[in-house]
Number of protein chains: 2
Amino acid sequence: MKQFFLFLLLGFRISLYSQTRPNIIVFLVDDMGWQDCSVNFWNQSTSLNKIYHTPNMERLAKEGMKFTNAYSAPVCTPSRSSMLTGVNSTHLGITNWTSPWKNNNTDSKDDQLSPADWNVNGLSPIPGIEKTYYAIPFPILLKEAGYYTIHVGKAHWASMGTPGANPYNMGFMVNVSGHSAGHPQSYYGKDNYGNIPGKSTAQAVPDLEEYFGTDTFLTEALTLEAIKALDAPIQNKSPFYLNMAHYAIHTPIMADPRFIKKYLEKGMDSTEAKYASLIEGMDKSLGDIMNYLKEKKVDHNTIIIFMSDNGGLSISPLRAGKEHTQNLPLKAGKGSVYEGGIREPMIVKWPGVVRGNSIANQYVMIEDFFPTILQMAGIKKYKLPQSIDGKSLLPILSNASFSDSSRSLIWHYPNKWIDKDGPGINYYSAIRKGNWKMIYSMRTGKKELYNLSVDIGENNDLSEQNTVKLRELSTLLSTQLRQWKAPMPRFKKTGQPVPFPDGL
Amino acid sequence: MKQFFLFLLLGFRISLYSQTRPNIIVFLVDDMGWQDCSVNFWNQSTSLNKIYHTPNMERLAKEGMKFTNAYSAPVCTPSRSSMLTGVNSTHLGITNWTSPWKNNNTDSKDDQLSPADWNVNGLSPIPGIEKTYYAIPFPILLKEAGYYTIHVGKAHWASMGTPGANPYNMGFMVNVSGHSAGHPQSYYGKDNYGNIPGKSTAQAVPDLEEYFGTDTFLTEALTLEAIKALDAPIQNKSPFYLNMAHYAIHTPIMADPRFIKKYLEKGMDSTEAKYASLIEGMDKSLGDIMNYLKEKKVDHNTIIIFMSDNGGLSISPLRAGKEHTQNLPLKAGKGSVYEGGIREPMIVKWPGVVRGNSIANQYVMIEDFFPTILQMAGIKKYKLPQSIDGKSLLPILSNASFSDSSRSLIWHYPNKWIDKDGPGINYYSAIRKGNWKMIYSMRTGKKELYNLSVDIGENNDLSEQNTVKLRELSTLLSTQLRQWKAPMPRFKKTGQPVPFPDGL
């Protein structure tokens, strides 16, 4: 009889849980710029917003909250690792993208500076792995709390030969196509997504053999697989977490044949038309998943967080047009600490909590996802090896006008991303506090100061006009970088590390 | 209040379920012969049994029931498809191994016979896919009934570009390394299991990037992944099904460095020593899984079914020594309808139901797994597109001396497996009823008859002495082949199909 009551209690707890805990989806797009959609994330619609078609993002924004000041790191592995751990990428020492190959520093060669000592193998859920940062990703905590955890698409948290390369070690119960690579070899089923004997690279996309030789575009295949994976938890009334991490819209910029036609017919440059088709294909995926949730009657209990991992690519000829103009009015693009490299389209839908059509202007960052998601899932007690830099978004989600101008956001990219320096690209740090943003060039020592509230394009350097603010941000940034033991490049001539911004 | 009681009832059902339904593991080895272990599956220990070390199989046999007359099809895809669907491979029309490449008949060219019309793309869980057989695999039913279903290792049910290539379509919630290929490109982590840019084939093993560049042998990597995948259902007290389908001991015959030394020191031929090391590595995996179940205290509620998918390879120089002697006293090996090609080591452990150290001599076949596993899981009501040929093993499992000599088992291999014909290899059918077995050569029309109770080596052809039995089996076999619409090769000269054995 005692046992019977135990069953009863246990059973009750399980049932209650399954009714109340929300499902959570992070819909993470790769390399998508702040304006690469028809939703505007500013106080006005831009010309780019008018080019792209993302009706499902519009629908999501209507049902949720738009963030106009959301940020990621300037490139993917740092953002992705930060999101999973709640730790700023500087603090993780994962400041550049990781190679699929172990112990392979992806920094370009430089005449002036030698590489910073960063964690070239990425993130690890197990301690003691060389050149990695050991931390517990939130999916492990979700899984332990009974969530059914699914990863679909790009992972890119760590190099082959280390545990972080495998989503199954990061707390995911299901993995489709996540591995150590940061982009797909091909988006085409006819190319087997790259899996062609003798021709495949480390970027050949795994786990999609069903679609090999077919016309199924990668974005579609991943969506179908995600929906398939959702079947079990929905049927079993288990709460789920889906990390829907599209390879789109990363290079290779290939036409999504379902959407390319109208962009070409508009007379767009062919590369830009392909780019637009990748965006619309991604948007269809969002719509398909939203429709599926509705059809299964779980949409009312499912949180969707839309995000991108860095700014839109602004390198030509990978993109068309003049270099670093693709995200105007934002300066530069992916890889840069200017707004073009880090400002993201972000939307959160949370039925019953977040008001539809709401707009939050508070600046937030991808490391905030960790404490936010755990709070959404009602997970309060956990022990972590890492200390969290992110802040829960719940005060904002429940009150769009929430404002905190005392917080600092920090970007630190002590690496050489590409051979040729660009605006804010290669060896830059930045800090934002309130509407003020400071940019620091490690190569030249130059500091710039912008007021984003009136100068989103970072065109009007106020460093000479406002030396007080410059000094304040310089000190704040330096203190934080020192505290995080931020990797710094060294001058080849002297062997000395580049000074912190307040050390000049 | 009403709602509260509903919760209570629902909860109670879930809890009760989680306590009572057994976990099920099929531990399926690839290409393992009947004597490729230290457990004897006969009435005596053979010289091969004395060569190999499989202490964990011995432990399993001690805790379960040994089957001395267990059968598979002569090659892998037919056996594996048969196991998942309960349908004889002849009836499936999947009579040969499937190519990773779609619409690619794997039959060797022949001067006399043109290929039979078989399902060259394998099994499909979705109707209307060309050159496939549509059937519902049991993992779909287990999943629907709340089982947590995991596939690890070799799948090989269907070709790329068809749904059956993807374990997620076959009812598995987790897939690690299962795809369209039938063997690994390499067993070595240092070779990335084949995933080397520019050098990978369709056999490069997916999903194991964590181990790339390490010394982790494939068998070990798969075991670690299986144990990892078991964590969630054990923690959540959900019943699970694990399809632990090792790539071992299929070619390429590569040394498992953990075990090779002692076999070489014994003075064994180097290829045979490697083969023995593959076996012992597989056995360690079995032991590791058994230990894990015990440590997690779920061993008492977990059924383990050990099986192989065809006989040991007997082709030289892939194996050492004279061709087709590697399984003596059994004739021939993989690909043959003689006992060497189809007789398997099989053990079932089922705590509380199957008595330890018990021996069942009833002949059984891999298509019996389907109804058996569903019965074990308590799944009684289901609708299927296929009709089941297998029989539940439960009467045997609860009574080792169960006997049924009225049943017929049928093998039909209307394909040319390898360029050079061998004993029972290329265009053969066979039937066993009681202790009698008839062999039929489609190429020559010759029929042979053996009494397995006294002639396990099929050396003494009694077809002339016992024409009554020959005619009985010939008729039985023909009737069944006709009923199943068995694919038949055609004579190139006449364009006519090879006659059924009673049509001569």
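If you check B:Ala229, B:Ala221, B:Ala158, which single one turns out to be within 8 Å of another protein chain (Cβ to nearest Cβ), out of contact with any Pro (no Cβ under 8 Å at 6 or more places or on another chain) and among the aliphatic types (A, V, I, L, M)? Going through B:Ala229, B:Ala221, B:Ala158 in turn, the sole match is B:Ala229.
Picking from residues in the stretch A:409-427 that are touching a Gly at 6+ places or on another chain (Cβ under 9 Å) and part of a strand (DSSP E or B), the one that is farthest from A:Glu367 (Cα to Cα) is A:Gly422. Hey, can you tell me all the residues within the stretch B:197-217 that are over 22 Å from A:Ile196 (Cα atoms) and more than 9 Å from every other protein chain (Cβ to nearest Cβ)? B:Asp215, B:Thr216, B:Phe217 - these are the residues of the stretch B:197-217 that are over 22 Å from A:Ile196 (Cα atoms) and more than 9 Å from every other protein chain (Cβ to nearest Cβ).
Looking at A:Lys420, A:Lys433, just one residue is in contact (Cβ under 8 Å) with a residue 12 or more places away in the chain, farther than 30 Å from A:Pro239 by Cβ, more than 20 Å from the chain's Cα centre (by Cα) and assigned by TED's automatic domain parsing to the domain that holds A:Phe491, and that residue is A:Lys433. Closer than 17 Å to B:Ile249 by Cα, part of a loop (DSSP other than H, G, I, E, B), away from chain A (no Cβ under 14 Å) and in contact with a Cys (Cβ under 8 Å, 6 or more places away or on another chain), is that true of B:Trp34? For B:Trp34, the condition - closer than 17 Å to B:Ile249 by Cα, part of a loop (DSSP other than H, G, I, E, B), away from chain A (no Cβ under 14 Å) and in contact with a Cys (Cβ under 8 Å, 6 or more places away or on another chain) - is not met. Candidates B:Ile431, B:Ile456, B:Ile439: the one that is of a type in the set (A, V, I, L, M, F, W, C) and in contact with a Gly (Cβ under 8 Å, 6 or more places away or on another chain) is B:Ile439.
Mind checking whether some residue in the stretch A:458-468 is more than 25 Å from the chain's Cα centre (by Cα), at pLDDT 95 or above, over 23 Å from A:Arg343 (Cα atoms) and in a helix (DSSP H, G or I)? So far as the stretch A:458-468 goes, yes, one or more of its residues are more than 25 Å from the chain's Cα centre (by Cα), at pLDDT 95 or above, over 23 Å from A:Arg343 (Cα atoms) and in a helix (DSSP H, G or I).
Put simply, of A:Lys331, A:Lys391, A:Lys383 the only residue that is touching a His at 6+ places or on another chain (Cβ under 9 Å) and among the basic types (Lys, Arg) is A:Lys331. The set of residues in the stretch B:424-436 that are more than 21 Å from B:Met488 (Cβ to Cβ) and not aromatic (Phe, Trp, Tyr) comprises B:Lys433, B:Gly434, B:Asn435.
Cβ separations smaller than 8 Å between residues 6+ apart or across chains give the following pairs from the stretch A:45-56 residues that are within 19 Å of A:Lys274 (Cβ to Cβ) and assigned by TED's automatic domain parsing to the domain that holds A:Phe259 to residues that are aliphatic (A, V, I, L, M) and surrounded by fewer than 19 Cβ atoms within 10 Å (Cβ to Cβ): A:Ile51/A:Met268.
Filtering B:Gly164, B:Gly182 for residues that are among the small types (Gly, Ala, Ser) and more than 10 Å from chain A (Cβ to nearest Cβ) leaves a single hit, B:Gly182.
Evaluate the stretch A:292-311: report whether one residue or more is under 26 Å from A:Asn43 (Cα atoms), over 19 Å from the mean Cα position of the chain (by Cα) and either part of a loop (DSSP other than H, G, I, E, B) or aromatic (Phe, Trp, Tyr) (or both). Looking for residues that are under 26 Å from A:Asn43 (Cα atoms), over 19 Å from the mean Cα position of the chain (by Cα) and either part of a loop (DSSP other than H, G, I, E, B) or aromatic (Phe, Trp, Tyr) (or both), one finds none in the stretch A:292-311, hence no. One residue alone among B:Asp256, B:Asp215 is under 28 Å from A:Asn103 (Cβ atoms), surrounded by fewer than 19 Cβ atoms within 10 Å (Cβ to Cβ) and touching a Lys or Arg at 6+ places or on another chain (Cβ under 9 Å), and that residue is B:Asp215. Annotation for the stretch B:129-137: at least one member residue is touching a residue at least 12 places away in the same chain (Cβ under 8 Å), touching a Pro at 6+ places or on another chain (Cβ under 9 Å) and within 14 Å of another protein chain (Cβ to nearest Cβ).
The set of residues in the stretch B:427-480 that are β-branched (Val, Ile, Thr), under 26 Å from B:Trp42 (Cα atoms) and out of contact with any helix residue (DSSP H, G or I) (no Cβ under 6 Å at 6 or more places or on another chain) comprises B:Ile439, B:Val454, B:Ile456.
Before we move on, is B:Thr46 at pLDDT below 95 and out of contact with any strand residue (DSSP E or B) (no Cβ under 9 Å at 6 or more places or on another chain)? For B:Thr46, the condition - at pLDDT below 95 and out of contact with any strand residue (DSSP E or B) (no Cβ under 9 Å at 6 or more places or on another chain) - is not met. Candidates B:Gly281, B:Gly287: the one that is small (Gly, Ala, Ser), part of a helix (DSSP H, G or I), surrounded by 24 or more Cβ atoms within 10 Å (Cβ to Cβ) and in the same structural domain as B:Thr201 (by TED's automatic domain parsing) is B:Gly281.
The values are calculated or read from the model by the stated rules, or taken from the named source; none is laboratory data. Keep in mind that what you see is a predicted model, and the values were worked out from it rather than measured. Note that we place each Cβ from the backbone using ideal geometry, even for glycine, and neighbour counts take in every protein chain shown.
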